[in-house]
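Below: the structure, in structure tokens.
The values are calculated or read from the model by the stated rules, or taken from the named source; none is laboratory data. Bear in mind that the values here come from a model prediction, so they are computed numbers and not experimental data. Positions of Cβ are generated from backbone atoms using ideal geometry, with glycine treated the same way; all protein chains shown enter the neighbour counts.
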């Protein structure tokens, strides 16, 4: 499993020019699921994400979690994060889980 996490004040997902989803303050998560990943892996990473202290408190210290700020999550499946770049110049995606599983 590969995860890219980004804080946001707002985020929007458009598909074919139409608004699909939006959030206010929270986290945008790009998640690449690999064939070997299990349901337990998802539970572990979700628990970790919810507790990460990545938001500023009143003293401007990065000290608050998503829960503390009542933030939202925008989760975007991104199989390209599972790319294998070891050989040649064309990435391989054989490690990525099938769309239905991811």
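Here are a few things to note about the model shown:
- None of 84, 57, 68 is touching a strand residue (DSSP E or B) at 6+ places or on another chain (Cβ under 6 Å) and modelled with pLDDT of 95 or more except 57.
- Strands (runs of 3 or more DSSP E) (entirely within the chain) containing at least 3 residues that are out of contact with any helix residue (DSSP H, G or I) (no Cβ under 9 Å at 6 or more places or on another chain): 2-8, 11-15, 18-23, 62-64, 72-77
- Residue tally, condition surrounded by fewer than 12 Cβ atoms within 10 Å (Cβ to Cβ) and either closer than 25 Å to residue 32 by Cα or in contact (Cβ under 8 Å) with a residue 24 or more places away in the chain (or both), over segment 53-69: 1
- Being out of contact with any strand residue (DSSP E or B) (no Cβ under 9 Å at 6 or more places or on another chain) and either surrounded by 12 or more Cβ atoms within 10 Å (Cβ to Cβ) or over 21 Å from residue 66 (Cα atoms) (or both) is a description that does not apply to residue 32.
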